[in-house]
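For reference, the structure is listed below as structure tokens.
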Amino acid sequence: MKKILMLAAVCLMLSCSCQEKTESRPPTGGSRYTASVIKCLSGSDTVGVVLNVSRVIDGDTFEGRLDNGGNPGVNPWAIELTRIVIRINGIDAPERGQFYGDVATLHLHWLISGKAVGLKLKQRDSYGRWIATAYLDGADIAEELLQQGLAWHYKEYDSNPRYAQLEAEAKQDGRGLWCDDRAVPPWEWRGMSKYERDAYR
């Protein structure tokens with residue numbers, strides 16, 4: 001296995017024209033060549049790549065392997081070794097154990113599991129996940145989740161007016177998690193104690 005990884009690394013260096021240094025901390029779940037591959041695919045802060053989804057972690061996070069999508073200059077063998085975790089940009093879905101958390105997770109699984117998803121990578125968070133706007137057949141996945149009432153617009157980190165509008169419409173119609181007027185945003189839920197959370201179950 002080590003020989004295969006080393007061969008992939010050599011092929012990547014030979015086939016990729018990117019001269020920037022590899023980031024010191026690769027994304028969680030990825031190989032140590034992940035950051036180098038991504039930089040070579042991009043050349044900018046916003047990276048367009050395709051991910052073959054292998055696992056949905058929760059309502060706004062999933063994992064998969066990069067697809068070179070026909071990009072010249074990138075070794076497809078190296079791409080096959082590149083697994084990354086994606087956190088959907090601009091939204092925050094209910095946590096597991098939170099009201100509608102399982103529903104949001106199952107919906108995202110139904111929507112993208114085993115499929116090719118387009119990504120605009122932005123940056124990595126403190127957990128090593130890539131923050132990205134995700135698309136399925138050209139449609140914004142975050143918009144779908146907001147429209148169904150399965151996520152909050154994460155306004156602290158995003159100012160997309162379309163996301164704000166979709167959240168407001170879902171809330172007004174009582175869709176998804178908005179059927180409960182006690183719905184707690186996940187960023188507040190994460191800071192609660194077990195006893196405080198029990199009051200909302």
Worksheet, complete the sentence: Only one of Gly176, Gly138 is crowded, with 19+ Cβ neighbours inside 10 Å and closer than 26 Å to Val117 by Cα, namely Gly176
Fill in: Every residue from segment 147-164 that is more than 16 Å from the chain's Cα centre (by Cα) and either outside any loop (DSSP other than H, G, I, E, B) or surrounded by fewer than 16 Cβ atoms within 10 Å (Cβ to Cβ) (or both)
Gln147, Lys155, Glu156, Ser159, Pro161, Arg162, Tyr163, Ala164
Worksheet item: What is the number of the single condition among (1) modelled with pLDDT of 95 or more; (2) under 15 Å from the mean Cα position of the chain (by Cα); (3) not basic (Lys, Arg) that Gln123 does not meet?
Response: (1)
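Could you tell me which of the residues Lys122, Lys115 is touching a residue at least 40 places away in the same chain (Cβ under 8 Å) and exposed (fewer than 15 other Cβ atoms within 10 Å of the Cβ)?
Values: Lys122 fails: exposed (fewer than 15 other Cβ atoms within 10 Å of the Cβ).
So the residue among Lys122, Lys115 that is touching a residue at least 40 places away in the same chain (Cβ under 8 Å) and exposed (fewer than 15 other Cβ atoms within 10 Å of the Cβ) is Lys115.
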Response to the item:
Looking across segment 173-183 at residues that are at pLDDT 90 or above and of a type in the set (A, V, I, L, M, F, W, C), the single one that is farthest from Asp60 (Cα to Cα) is Cys179
Discussion item. Going through Ala170, Ala132, Ala183 one at a time, which residue ends up being surrounded by 17 or more Cβ atoms within 10 Å (Cβ to Cβ), within 15 Å of the chain's Cα centre (by Cα) and either small (Gly, Ala, Ser) or not in a strand (DSSP E or B) (or both)?
Written reply: Ala132
Worksheet, complete the sentence: Scanning segment 85-123 residue by residue, the ones that are out of contact with any Lys or Arg (no Cβ under 8 Å at 6 or more places or on another chain) and not in a loop (DSSP other than H, G, I, E, B) total 21
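The values are calculated or read from the model by the stated rules, or taken from the named source; none is laboratory data. Everything quoted here is computed from the prediction, not taken from an experiment. Note that each Cβ is placed from the backbone with ideal geometry, even for glycine, and that neighbours are counted across all protein chains shown.
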